[in-house]
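Structure first, then comments.
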Amino acid sequence: MKPTEEQLSIVAYIQGTQGNVLVNALAGTGKTSTLQLIEDSAKEDPLIYLAFNKANAAEARDKFTRSTTVAKTFNSLGDGIWRHTTGRHSLDPKKTQVIFNELLKEFPSKDAKDIREVYWDIIQGVGLAKSLGYVPDRKFPQARRLIDRGAFHAALETKPSPLTADLIDSILFQSIKLAYEGTIDFNDQIYMPALFGGTFPRFPLVLVDEAQDLSPANHAMLDKLCRGRICAVGDRWQSIYGFRGAKTDGVEHIKRTFACEEKALTISFRCPKAIVEAARWRVPKFRWLKEGGHYEALSELRHDQIPDGAAIVCRNNAPLYRVALSLLTSRRSVQVAGSEVGPKIIRLLQKIGADGDTTDDLLIKIEGWRLDKLQDSQAPAIINDQAECMKVFATFGKTLAEAIAYAKHLFAQQGTIQLITGHKAKGMEWDTVYHLDPWLIGKDDQELNLRYVITTRAKERLYEINSGGIHNGH
């Protein structure tokens, strides 16, 4: 496709100046082809392209033309740096869980039971600590600390008890020691070189993709890596991962830190006119290349009206599970995205209920669990969604055993209608998208960005529908 004037302006800036550039690329506006143009025309050599995920890095390796260009994920880059630093290397994705289980052995059995109750809080806390750049107080004075203990605790889903906080610190301490001995997990691939040292390679031009998704630890890596020019590409209105550690002002941070000239890509190749107009409330300068498209709010939708290959996208998981189970009863083929969510819901059901619990028993226990968790929660929306997910399965079965069986059956499906949360849908696209229960979207910036992301997944047709309006037609 012939480059747009916007793309040519970016290439001209790269070729004609020595300055850094930030490309604000709106949804579907050809950021990949723009990066190809930059890679093909830049005077600097060699280049490094850094992506947030493997798929983008693999796509870049296929499409970039120079043999000298290096395309990596941040994790892959950090892994190599830390491997060179320690001279030893062993990747253990379950490293944090192993350390947790070893620490658990040091406690009396009566205390160990209470600690197991907060297992997920601790595991998630350790992961978030590494993304945010938290290092336990008075440990490893040589480390570059990005956040103090109080700010880190404020970022957790649940306010940690003193015991939980100490356990997170203990696991981090052991994890860092093991990393120096050569054993790391995926989070360490960024955490260790960003905060604890290592020799970074030098490239005269660094290309950064999905700049809005970078964590503070990712940004710390960039600070060490960029000794020449930087070209960062992202969309500030697709910043939706603050809850998992992404820097909420990441695009602005890069622009300030590296004194970038800002350029824009505003013409969507993906979204036709009707979809672009549906997103202009958030991004007024958004434009379209293709005419047509369709956007509509529906009052009802029959199961048989949903085409194979469509996506049903929602802010929360629970409405997706409810609709997916309903579609299954109509013999429609479904697939629910989110491999890590299903096992957690099943474990919660098993922990909350007893084998003989009826639906009514289970609903009472789930509500009790919800109210108890909300007392210390700093992210009540997540607790409420988890409770609603459990209630969905409880109401589909007559006992705890049936509820768990329904959950396992649903998560095992590999069908043609995709049901997915807005956060997981980012980076994906479908001809037909149903935005389920749009009223669940909140009012803060990250939530408004999420609505924009969901809207712009549609290549042809976008419908909004409340879950109560979806039925089997009988």
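The values are calculated or read from the model by the stated rules, or taken from the named source; none is laboratory data. All values derive from a computational prediction rather than experimental measurement. Cβ sites come from the backbone with ideal geometry, for glycine too, and all protein chains shown count toward neighbours.
Below, the figures for the structure above:
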| quantity | calculated |
| --- | --- |
| Answer residue from segment 9-27, given it is assigned to a helix (DSSP H, G or I) and touching a residue at least 24 places away in the same chain (Cβ under 8 Å) and is farthest from the chain's Cα centre (by Cα) among those | 15 |
| Looking only at segment 271-289, and only at residues there that are touching a strand residue (DSSP E or B) at 6+ places or on another chain (Cβ under 8 Å) and assigned to a loop (DSSP other than H, G, I, E, B), the one that is farthest from residue 432 (Cα to Cα) | 285 |
| Number of the condition not met by residue 433 [criteria: (1) hydrophobic (A, V, I, L, M, F, W, C); (2) closer than 21 Å to residue 336 by Cα; (3) not in a strand (DSSP E or B)] | (3) |
| Residue among 183, 158 that is closer than 20 Å to residue 351 by Cβ, of a type outside the set (Asp, Glu) and touching a residue at least 12 places away in the same chain (Cβ under 8 Å) | 158 |
| Whichever residue in segment 271-292 is out of contact with any helix residue (DSSP H, G or I) (no Cβ under 8 Å at 6 or more places or on another chain) and surrounded by fewer than 20 Cβ atoms within 10 Å (Cβ to Cβ) and, among such residues, is nearest to residue 23 (Cα to Cα) | 285 |
| Index of the failed condition, residue 365 passing every other in (1) of a type in the set (Lys, Arg); (2) under 18 Å from residue 343 (Cα atoms); (3) over 24 Å from the mean Cα position of the chain (by Cα) | (2) |
| Flag if residue 409 is at pLDDT below 95 and either of a type outside the set (Val, Ile, Thr) or over 19 Å from the mean Cα position of the chain (by Cα) (or both) | yes |
| Counted residues, segment 293-316 - those being over 21 Å from residue 277 (Cβ atoms), in contact with a Phe, Trp or Tyr (Cβ under 8 Å, 6 or more places away or on another chain) and exposed (fewer than 13 other Cβ atoms within 10 Å of the Cβ) | 1 |
| Some residue of segment 85-104 being closer than 22 Å to residue 341 by Cβ, free of Cβ contacts under 8 Å to residues at least 40 places away in the same chain and not small (Gly, Ala, Ser) | yes |
| Close pairs from segment 348-360: first closer than 14 Å to residue 396 by Cβ, partner hydroxyl-bearing (Ser, Thr, Tyr) and in a loop (DSSP other than H, G, I, E, B), Cβ under 6 Å, at least 6 apart | none |
| Members of segment 294-328 that are within 22 Å of residue 390 (Cα to Cα), touching a His at 6+ places or on another chain (Cβ under 9 Å) and of a type outside the set (A, V, I, L, M, F, W, C) | 315, 326 |
| Tally, over segment 442-474, of residues that are basic (Lys, Arg), within 18 Å of residue 273 (Cβ to Cβ) and over 18 Å from the mean Cα position of the chain (by Cα) | 2 |
| Any hit, segment 158-169, residues being modelled with pLDDT under 95, under 22 Å from residue 378 (Cα atoms), surrounded by 21 or more Cβ atoms within 10 Å (Cβ to Cβ) and under 21 Å from the mean Cα position of the chain (by Cα) | yes |
| Residue match in segment 315-324 (condition: within 27 Å of the chain's Cα centre (by Cα), farther than 18 Å from residue 396 by Cβ and in the same structural domain as residue 409 (by TED's automatic domain parsing)) | yes |
| Matching option when the condition is among the polar types (S, T, N, Q) and out of contact with any helix residue (DSSP H, G or I) (no Cβ under 7 Å at 6 or more places or on another chain), among 86, 34, 29 | 29 |
| Elements of type helices (runs of 4 or more DSSP H) contained in segment 28-142, each with 2 or more residues being closer than 19 Å to residue 213 by Cα and not assigned by TED's automatic domain parsing to the domain that holds residue 173 | 31-41, 54-63, 74-86 |
| Matching entry among 424, 398, 443 (being in contact (Cβ under 8 Å) with a residue 60 or more places away in the chain and farther than 21 Å from residue 301 by Cα) | 424 |
| Residue match in segment 324-338 (condition: touching a Phe, Trp or Tyr at 6+ places or on another chain (Cβ under 7 Å), among the aliphatic types (A, V, I, L, M) and more than 30 Å from residue 266 (Cβ to Cβ)) | yes |
